[in-house]
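Colleague: A single structure is presented below for examination.
The values are calculated or read from the model by the stated rules, or taken from the named source; none is laboratory data. Note that the structure is predicted; figures quoted are calculated from it, not measured. Cβ coordinates were reconstructed from backbone atoms using ideal geometry, including for glycine residues, and neighbour counts include every protein chain displayed. Ligands, DNA and RNA are stripped out before the accessible areas are found, and what is left, the full protein with its side chains, is counted by its heavy atoms. Shrake-Rupley method; radii C 1.70, N 1.55, O 1.52, S 1.80 Å.
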Amino acid sequence: MIPRYFFGYVDSVRPWLAQRLVLLLLAFDCWIELIPHAGRYGFGDFNVAHFALLDVLQPLPSPGTYIGAVVLAGTLALVQALTRPTRAGLGLACAAYTYAWAMSMLDSYQHHYLLSLVLFAMVFFPRLTSADVFPVPGDRSVVVGGALLTFGLAEIVLGLTGAESPLGLFGPGAALPTPAWIWLARVALALLGGLLAFTPKSATQPKASAGATAPSAPSAPSAAKSSEDEPKPRGAKGRGRKGKKQSKLQRVDDAAPSERPGVVVSAPKTVAWGYVLLGTSIAIVYFFTAISKLGADWRAGHALRRLGHTPLLEGLASRATTEGLLLFGPMSEAAFWKLLATGAILTQLAALVGYLLANRQDDAPPKLRRAILALGVAPLSFHLLAESGLTLEIGWFSYYMILFALIFFLPAPVLRVLAEGWSLPARWLAARPLPTAAAWGLVAAAVIALGVAGHAADLPGALVGAGIAAAFLLGDALWSARASAAAGADEGPAPKGAGERTTRHVGGLGLAGLLGALGFIVAISQSEVRFDYYRFVGGEHRRHGNVAEALEAYEKANEHVLRPHCLYDGRQLVSCHRTEARATALAEAHGLTVRARDRRREEAEMRMRLEARDGGESAVAADQGGDDG
């Protein structure tokens, strides 16, 4: 029972998409969300790690130690997301991320622990590329429509949760009311994409979508294939001429697409016990969160009421006490919060059941699949509400959970339609011939670019983290080339295309490293990461009476401030902008006030205190000199 649950076949698009999206999100999460918190590390020569053993083994954590760890984790995550991932690369990213939060209780976010479990499970995901997942190109209208639909849905989710988005940049900001035309554009893109992707196509179409799941009858060429080409269950370890395991991808028809014009290709499936382990881990998290909410404070609605001071929930509470809610009618405010708290517990229990069933939905009968899809509403609605209706400080955690809900619960054909368009660049590059010299040139350029990005970041530890990532990338490329050469020397002439595959892998590593360096420096330079980090450092030094160090940190903060003109609603920060004219116009339109968010006042204060201290010391020295004379 348990082996069948963990080692059965799942549609290959699920682990492939989960791994890619989570790694991409994690990279920017590390760079943008985590780096600013490094300013709290190393003060007072005191630290308590999450594990007592770390307090014995590690030196006192410093800002450079923390930043180096998160830069390394983020860079490796992005490189692994853009290439065929390796277990060593994923393992090092997991270790770096885990050490970043484990080194000190200053990072006490529980979801960081969960993300370490996620990364650990992904080490054991099947090593898939987009060519493995989409063996046959889909119809052009399906591919374009799926890409538009994905973009439109992403815009809608980001808009609902109050996050920045590409279309949202044309509006006043995520924290202010979004113009109606932006919402119309989001919905229109999603609808247009849906129409292109899901409108029935002609049966005589020459190409079939790779997202189709209906198996076809084997053609004559595939029927004549030997038993070595048949999908093998766990334990039947078929091996090729080089002694390596055959691919675990299962296809109903292995005939080449050109031999089967007009035939629908079955979606490849794979054994992905790491993916099932991930879904089971998420289900366990929902179980414990539901249990933790059984206390009297939560069940009575008091805890939720303290977290629900947002326009959404306060407006809903007002409606419940006046007009009433559908199916429940008017109720007292206390009854409303109690109802909402009870609903949260039931929602998390439904998510628990849903994830345990969703792990095996690709082998489930149609009626059970529909039930699983309905259960997916529970985690999706819970995290949308948590991000838009509660005052929680949990970083990007809700977005990870929204991604998991979509990947685990949506039907696999829908996921294929949504994902295939965004995989086209990778498949196009993989199909292009690449000279060996060009591949190694890309690796050399990536190593240099990562070093330059680490230095240009102007953050302690960033160069070390980027340097370790560059060294790992170079080592991966050298190891791949060495392994390919050793295999050829041991077993005679290499199979046709083996050298080309190695060259492509090396070139892919180089290109991914270049994109990683570019993504890192853009994330740092186009956000308030450095400003936030240095203002935190300045504040810590100021509280500890380190005037010179505080002055230096405040000068750095003012050097890196990107959006100094901010809108405030009373004392509540609403949004910040690059130009004063833009901020002033929005303030007048929405009844807000404009204040400077830089640290020039604190810089001036520290300079005055330093000058006063130095002047006093000079006067004392002069008095002592006069007395000596």
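Colleague: Considering every residue within segment 405-423, establish whether at least one is among the small types (G, A, S), at pLDDT 90 or above and touching a Ser or Thr at 6+ places or on another chain (Cβ under 7 Å).
Modeller: Yes, segment 405-423 contains at least one residue that is among the small types (G, A, S), at pLDDT 90 or above and touching a Ser or Thr at 6+ places or on another chain (Cβ under 7 Å).
Colleague: Sort through P425, P433 and tell me the only one that's surrounded by fewer than 22 Cβ atoms within 10 Å (Cβ to Cβ), assigned to a loop (DSSP other than H, G, I, E, B) and not hydrophobic (A, V, I, L, M, F, W, C). Explain how you work it out, then say what you get.
Modeller: Numbers: P425 fails: assigned to a loop (DSSP other than H, G, I, E, B).
Being surrounded by fewer than 22 Cβ atoms within 10 Å (Cβ to Cβ), assigned to a loop (DSSP other than H, G, I, E, B) and not hydrophobic (A, V, I, L, M, F, W, C) holds for just one of P425, P433, which is P433.
Colleague: Could you list, in sequence order, all residues of segment 138-161 that are modelled with pLDDT under 90, open to solvent by 40 Å² or more (accessible area, probe 1.4 Å) and under 19 Å from the mean Cα position of the chain (by Cα)?
Modeller: The one that is modelled with pLDDT under 90, open to solvent by 40 Å² or more (accessible area, probe 1.4 Å) and under 19 Å from the mean Cα position of the chain (by Cα): L160.
Colleague: Is at least one residue of segment 309-324 surrounded by fewer than 13 Cβ atoms within 10 Å (Cβ to Cβ), more than 30 Å from V574 (Cβ to Cβ) and of a type in the set (V, I, T)?
Modeller: no
The rows are residues; the columns are (1) at positive phi; (2) among the β-branched types (V, I, T); (3) assigned to a loop (DSSP other than H, G, I, E, B); (4) within 25 Å of the chain's Cα centre (by Cα).
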position: A317; (1), (2), (3), (4): no, no, no, no
position: A320; (1), (2), (3), (4): no, no, no, no
position: L327; (1), (2), (3), (4): yes, no, yes, no
position: F336; (1), (2), (3), (4): no, no, no, no
position: L339; (1), (2), (3), (4): no, no, no, no
position: T342; (1), (2), (3), (4): no, yes, no, no
position: T347; (1), (2), (3), (4): no, yes, no, yes
position: L352; (1), (2), (3), (4): no, no, no, yes
position: Y355; (1), (2), (3), (4): no, no, no, yes
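Colleague: For segment 547-603, which residues satisfy the criterion of being touching a His at 6+ places or on another chain (Cβ under 8 Å) and among the small types (G, A, S)?
Modeller: Residues satisfying the conditions are A550, A553, A583, A596.
Colleague: Any residue in segment 45-56 that is open to solvent by less than 70 Å² (accessible area, probe 1.4 Å) sitting within a Cβ distance under 8 Å of a residue that is among the aromatic types (F, W, Y)? List the pairs, counting only those 6 or more apart or interchain.
Modeller: Short answer, once both residue conditions are applied: N47/Y41; H50/W101.
Colleague: Restricting attention to segment 1-54, which residues are polar (S, T, N, Q) and under 27 Å from Q80 (Cβ atoms)?
Modeller: Matches in segment 1-54: S12, Q19.
Colleague: While we're here: So which residues in segment 117-132 are in a helix (DSSP H, G or I) and open to solvent by 10 Å² or more (accessible area, probe 1.4 Å)?
Modeller: Listed by number, the residues that qualify are L117, F120, S130, A131, D132.
Colleague: Condition test on G68, is it modelled with pLDDT of 90 or more, buried (at least 21 other Cβ atoms within 10 Å of the Cβ) and over 15 Å from the mean Cα position of the chain (by Cα)?
Modeller: yes
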